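The values are calculated or read from the model by the stated rules, or taken from the named source; none is laboratory data. Fair warning: this is a prediction, and the values are worked out from it, not measured in the lab. Don't worry about glycine lacking a Cβ; one is built from the backbone with ideal geometry, like all the others, and counts go over all protein chains shown.
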Amino acid sequence: MPSDQLPPGPRGSSWLGGSLRDFTARRLDFFLDVARDYGPLASFRFGPRRMFLASDPALIEQVLVTDAKHYIKHFGARMYKPVLGNGLVTSEGEFWLRQRRLSQPAFLKQRVHSYAPAMAELTRRMLADWRPGKWVDVQYEFSGLTSAIALKTLFGLESTEDRATFVEALREAFDLMSARFRTVLAVPRWVPTPANRKLKRAIRHLDTVMDGFIAAGKKRAAEREGQGSTAGEAVDLLTRLLAARDEDGSAMTPRQLRDEAMTLYLAGHETTALTLSWAWLLLAQNPAAEDRLVAEWKAVLGGRSPTPDDLPNLPYTDAVIAEAMRVYPPVYLIGREATKELELGGYRVKKGYTIFMSQWVNHRDPAYFPDPGAFKPERWLDGLAKRIPKYAYYPFGGGPRVCIGNTFALMEAAILLATVGQRYRFTLDPAAVIDFDPQITLLPKYGIPATLAAR
Ligand code: HEM
């Protein structure tokens with residue numbers, strides 16, 4: 001019988017808001033403190049909402065895998081629906097399952113591998129504009145590069161003009177959405193306030209841009225029809241989604257296509273850019289690790305970009321990426337909401353309760369990662385991933401809703417790291433203040449300012 005009591009936890013600094021203010025002020029430390037002070041399952045409130053923080057890997061597995069069908073995404077994830085629509089990240093139940101099945105073949109290893117040349121080529125184009133001595137914000141540069149790669153691999157989009165239009169439309173919609181979240185009591189979206197009208201216009205603009213991409217994709221798909229294709233051929237993801245058919249032969253509607261494409265773009269590019277940005281910061285701060293990495297590239301690649309066939313021969317590159325995502329996980333927090341009364345760790349989880357799980361907390365657990373604050377790629381080289389519980393390290397989440405793009409992301413990270421890193425290293429600005437801005441992803445608050453030096 002689960003206990004009727006709540007798990008231990010902080011009361012929070014305000015009677016009305018519970019721990020909301022503490023969370024808003026210092027989210028990363030808030031979760032670390034709660035896990036340290038109250039143990040594997042802790043409880044607190046955000047206003048009237050009851051929250052648990054599960055920090056024991058076995059409890060995380062129960063939520064993400066064993067009881068997955070009784071949980072939906074938490075309220076925070078649902079808030080982005082106006083922009084993301086009902087895509088893979090935000091949809092639920094049968095609808096989600098159908099979309100996931102339709103999308104999955106586009107992410108088969110062989111298909112993902114077909115994007116490697118485009119990734120390397122777009123990286124080389126970025127490098128063509130770089131010179132030793134140039135000042136860069138690492139986060140800005142890699143965000144631009146992964147955005148270009150996402151638009152090329154998703155929509156077959158090459159033109160920088162189209163790219164700029166899309167990125168601008170999206171930024172506007174997101175800025176307006178974020179402003180909406182910051183207001184405690186947002187006016188419902190159907191009320192025609194100036195802010196709501198602006199948001200509506202921004203979303204409509206975004207939809208028009210997306211419709212254009214989808215129409216172009218349809219044209220490409222029609223051209224390909226009858227030509228026959230192979231799994232390894234570099235066909236953009238949108239064309240693949242357009243061709244996807246359910247068991248009953250039905251395809252995605254234009255609305256679904258728009259939502260899935262938007263979701264893939266948003267879920268895919270910034271997370272990978274952050275992996276690279278944090279990796280470069282950590283490498284710049286750990287020259288011995290950087291030397292070892294460069295030696296691996298020299299031996300295996302000799303100056304060229306890696307192909308998918310090279311990846312198994314780049315274990316240290318792999319370890320650097322794994323370790324960067326451990327120390328600074330791009331997605332540092334995920335959450336689920338119970339759809340019925342459940343049990344977790346001996347406690348009762350009532351319908352509507354939210355369970356948070358934080359990569360930031362788990363990836364810093366000294367029980368599995370001695371000296372957790374230190375960047376030590378070596379720790380991954382002798383089978384650590386197999387020795388620790390599965391949910392001690394979960395940068396891509398887990399269970400049925402595990403990241404669909406993990407192979408894509410890991411390949412992209414390795415190709416970009418090696419292509420850039422064989423030409424340049426980053427000298428951090430000595431006066432740079434490196435801090436975190438934990439939003440949906442773990443952003444650097446003031447960027448990562450650095451100067452390029454020839455390797
Ligand atoms: C290093 C890069 C990435 C990281 C750290 C990352 C992390 C994650 C995490 C933690 C989740 C699970 C969220 C949850 O359980 O609530 C997720 C889901 C997802 N990711 Fe990624 N991701 C990355 C790259 C990508 C890429 C490149 C794509 C697409 C091209 C992508 C598409 C998605 C989608 C569609 C989902 C939702 C899957 C579902 O619910 O069925 N991600 N990602």
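Of these, 414, 432, which one is within 20 Å of residue 327 (Cβ to Cβ) and in a helix (DSSP H, G or I)?
Only one candidate qualifies: 414.
Let me spell it out: the conditions are (1) in contact with a Pro (Cβ under 8 Å, 6 or more places away or on another chain); (2) closer than 30 Å to residue 301 by Cβ; (3) within 11 Å of the ligand (Cβ to nearest atom), and residue 328 meets all of them except one. Which number is the exception?
So the condition that residue 328 fails would be (1).
Output the residue which, of all residues in segment 435-455 that are touching a Lys or Arg at 6+ places or on another chain (Cβ under 8 Å) and in a loop (DSSP other than H, G, I, E, B), is surrounded by the fewest Cβ atoms within 10 Å (Cβ to Cβ).
Checking each candidate, the answer is 435.
Checking residue 74 against (1) touching a residue at least 12 places away in the same chain (Cβ under 8 Å); (2) more than 14 Å from the ligand (Cβ to nearest atom); (3) not hydroxyl-bearing (Ser, Thr, Tyr), which test does it fail?
(2)
Quickly run through segment 380-395 and pick out the residues that are of a type in the set (Lys, Arg) and either touching a strand residue (DSSP E or B) at 6+ places or on another chain (Cβ under 7 Å) or within 16 Å of the ligand (Cβ to nearest atom) (or both).
390
I'd like to verify a number: residues in segment 277-320 that are more than 16 Å from residue 422 (Cβ to Cβ) and under 21 Å from the mean Cα position of the chain (by Cα), how many?
6
Just to check your reading of the model, which residue among 162, 137 is surrounded by 13 or more Cβ atoms within 10 Å (Cβ to Cβ) and either within 20 Å of residue 444 (Cα to Cα) or in contact with an Asp or Glu (Cβ under 8 Å, 6 or more places away or on another chain) (or both)?
After applying the criteria, what remains is 137.
Condition first: more than 15 Å from the chain's Cα centre (by Cα) and near the ligand (Cβ under 10 Å from one of its atoms). Now tell me which residues in segment 331-343 satisfy that.
Correct list: 336 only.
Which of the residues spanning segment 1-17 are surrounded by 13 or more Cβ atoms within 10 Å (Cβ to Cβ) and at pLDDT 90 or above?
If the condition is that a residue be surrounded by 13 or more Cβ atoms within 10 Å (Cβ to Cβ) and at pLDDT 90 or above, then 6, 7, 8, 9, 10 are the ones that fit.
Are there helices (runs of 4 or more DSSP H) fully within segment 1-119 with at least 1 residues that are among the small types (Gly, Ala, Ser)? List them.
Ranges flagged: 20-25, 27-38, 57-61, 75-78, 93-103.
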